[in-house]
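One structure is given here, and the rest of the page talks about it.
The values are calculated or read from the model by the stated rules, or taken from the named source; none is laboratory data. Only a predicted model underlies this, so the values are computations on that prediction, with no experimental measurement involved. Using ideal geometry, Cβ is built from the backbone for each residue, glycine included, and neighbour counts are taken over all protein chains shown. In case anyone asks, the SASA skips ligands and DNA or RNA and just uses the protein heavy atoms, side chains included. Shrake-Rupley method; radii C 1.70, N 1.55, O 1.52, S 1.80 Å.
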Amino acid sequence: DAALSKESGTAGLRWIIYQHLPDSIVRETKCVLSVLSPLMAEALAMCEAIMSAKLRLLSKVWFRSNSQELVQDINSKSNPVEFYEVLTDIEFLSMFFKFTIFLSFLELRTL
């Protein structure tokens, strides 16, 4: 998840990792400067969550976001110019997992 101050361009990023074995919950945050849009902030939060999962050596991961637009961009691999580098990083980091899925919370309601 992310929150952006349009006045300062500062974004607060937050992600939560639920791990089944061993059963644990990890909450992490990060502050990023010079963020141009709320969608960019969401993409940065997703990238941080992926890096955190990679560092924990997780192999099968579900990434969920409240930004349906971000999830659509990730899954379509359209990589809009606005945040091309971040989406490219997300695509690259996703290759380190045996199984990866990206869903929006809206999509979860329809499963």
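If R₀ is 30 angstrom, what is the calculated FRET efficiency for the pair Ala3 and Leu103, using the beta carbon separation as r and rounding to 0.05?
Step by step, r from the Cβ atoms, then E = 0.90.
Could you tally up the Lys pairs in the chain with alpha carbons closer than 22 Å? Skip any pair fewer than 8 positions apart unless they're on separate chains. List each step's numbers first, then the result.
Values: Lys6/Lys30; Lys30/Lys54; Lys54/Lys77; Lys54/Lys98; Lys60/Lys77; Lys60/Lys98; Lys77/Lys98.
Value for the chain: 7.
Lys and Arg at +1, Asp and Glu at -1: add these up for the other residues within a Cβ distance under 12 Å of Glu28 and post the number. Spell out each step's value before the answer.
On the way: positive: Arg14, Arg27, Lys30, Arg56; negative: Asp1, Glu48.
Once all neighbours under 12 Å are counted, the net charge is +2.
With a 1.4 Å probe and all protein chains in place, put Val81, Val71 in order of accessible area, largest first.
Val81, Val71
Hey, what D do you get for the chain in µm²/s if you plug the Kirkwood alpha-carbon radius into Stokes-Einstein at 4 °C and 1.567 mPa s?
On the way: Rh = 14.3 Å.
It diffuses with D of about 90 µm²/s by this estimate.
Which percent of the accessible heavy-atom area of the chain goes to carbon and sulfur, probe 1.4 angstrom?
Carbon and sulfur atoms account for 57 percent of the accessible area of the chain.
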